[in-house]
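The values are calculated or read from the model by the stated rules, or taken from the named source; none is laboratory data. Since we're looking at a predicted model, the values are computed, not measured. Counting neighbours? That spans all protein chains shown, and the Cβs are built from the backbone with ideal geometry, glycine included. The accessibility values were calculated without ligands, DNA or RNA, using every heavy atom of the protein model including side chains. Shrake-Rupley method; radii C 1.70, N 1.55, O 1.52, S 1.80 Å.
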Amino acid sequence: MGEERNWAGNVRYRGAVAHPATLDEARALITTGSPVRMLGTRHCFNDIADTTGTLIALDQLPSVFEVTPERDAVRVSGALRYGDIAPRLEAEGLALANLASLPHISVAGAVSTGTHGSGDAIGSLASAVRELTLLTASGELLTLRRGEPRFAGAVVGLGALGAVLELVLDVEPTYQVAQRVFDRPRWDEILGDLDAVTSAGTSVSIFTTWQRTDSADQLWIKQRGAADLAGDLPARLGSVAADAKRHPILGVDAVACTDQGGVPGVWYQRLPHFRLEFTPSAGVELQSEYLVPRSDAVAALQAIRGLADRIAPLLLVNEIRTVAAEDLWLSMAYRTDAVGLHFTWRPDEPAVRALLPVIEAALPETARPHWGKVSTLDGAQVRARYPRWDDFAALRAELDPERRFVNHYLERLGL
């Protein structure tokens, strides 16, 4: 029994961790012996990566970073972190369209769980994938490309289809982003025209502790280029520009955060909330997130607002952000523009798990929980929210007929 834990410390991995240094070593681990799961940067808050068999980390395989001759894509190792590849892209004069709030996460892990940043016009991190290479349960290499029949089912794959060795990501010319923070936007005005708020920048986040229900704590607006899309919106929301650098969690030193104050900077130094060289967010915490169709977002937020007195004592911060629709089967934004309700909880898992069913019952039945975070919805409820679930189950059975990658997490989902 190992003592390896996830980033938050709330999950103790049961399997032994292996770090193959060659493709043949990885193939041998996958095709022989005990069940396997892939282990990335350990930023999942549930047991999606756990197994009683062998946990395989690919961080010792030879690193891959290759810009295509057309300079519109980059091939990278799945084990690389976004914070590792971003400076190298910038050195090439290139950029990704979006980043998550943390640069500390691995590309393969983030893509496989549908992890996202924020932006009305920007898909999840998985939407940038144009090709991925899997090492399957049979030991074969399988490359799938955008437009091929199985591709849309394999990208957000939950680690169920094989080891993600390499990915090819869309890139574009580098750009700059300015980030501004505003204090105390009023909820009535936010909910009165949520579209105006979330479209006020390239990437917009609303943060609140629900300690009060008349106003949120902060509005973060990240904007590409020189245009000010927000205009007089902050004033109409009753908010004022922050007088100093802010951390999403009130009272926490903002030294770990990327620069604010409207000072332009390269994309990867503004799109994430946190800097790579610091421990992100609060450190010891739990996280849950539910993504709802934009058409259900105001009702969902009103429901959460109505539970503020029960949520606030356990909450560090609630972030509201958006994701554009995409066609990836298990994306939480599958065929719907989505609004994410992200909860960063105090590290009291029994209390959080006791409260989550109340939140989940209050949310619309369209709410899809983040694959890598804490939820109490049962497998049948989750499956019903994905129209292509049966197709994904068939793809899993095709690529892993002996169920080598199946663990308790996937079994609870019905796999």
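A few notes on this one:
- A Cβ-based charge dipole, computed about the Cα centre of the chain with Lys and Arg at +1 and Asp and Glu at -1, lands at about 400 debye.
- Region 174-259: trypsin sites (Lys or Arg not before Pro) falling in loop per DSSP and having at most 15 other Cβ within 10 Å: 212, 245
- For region 278-415: relative contact order, % (alpha-carbon pairs under 8 angstrom, 6 or more apart): 30
- Whole-Hz couplings from phi, Karplus 6.51/-1.76/1.60, listed for region 24-39; x for Gly and Pro: 4, 5, 5, 4, 5, 5, 6, 8, 10, x, 7, x, 10, 9, 8, 10
- Accessible area per residue, Å², the chain with all protein chains present, probe 1.4 Å: 38
- Using a probe radius of 1.4 angstrom, the carbon and sulfur fraction of the accessible surface of the chain is 51%.
- Angle in degrees between helix 349-362 and the longest Cα principal axis of the chain, rounded to the nearest 10: 70
- Between amide H atoms placed 1.01 Å from N, distances below 5 Å from residue 11 occur with 6, all of them 5 or more places distant or on a separate chain.
- Between helix 389-399 and the chain: long-axis angle, C-alpha atoms, 0 to 90°, nearest 10: 30
- Highest-first arrangement of 213-219, 161-167, where packing means the average Cβ count within 10 Å: 161-167, 213-219
- The GluC sites (Glu not before Pro) found in region 319-415 that occupy coil by DSSP, while having at most 16 further C-beta atoms within 10 Å, are 365, 402.
- Span from the region 102-129 Cα centroid across to the region 187-255 one, whole angstrom: 22
- Once C-alpha pairs closer than 8 Å and six or more residues apart are averaged by separation and normalised to the residue number of the chain, the relative contact order reads 18 percent.
- Dipole of the chain, positive direction: furthest Cα of 221, 315, 342, with charges on the beta-carbon: 315
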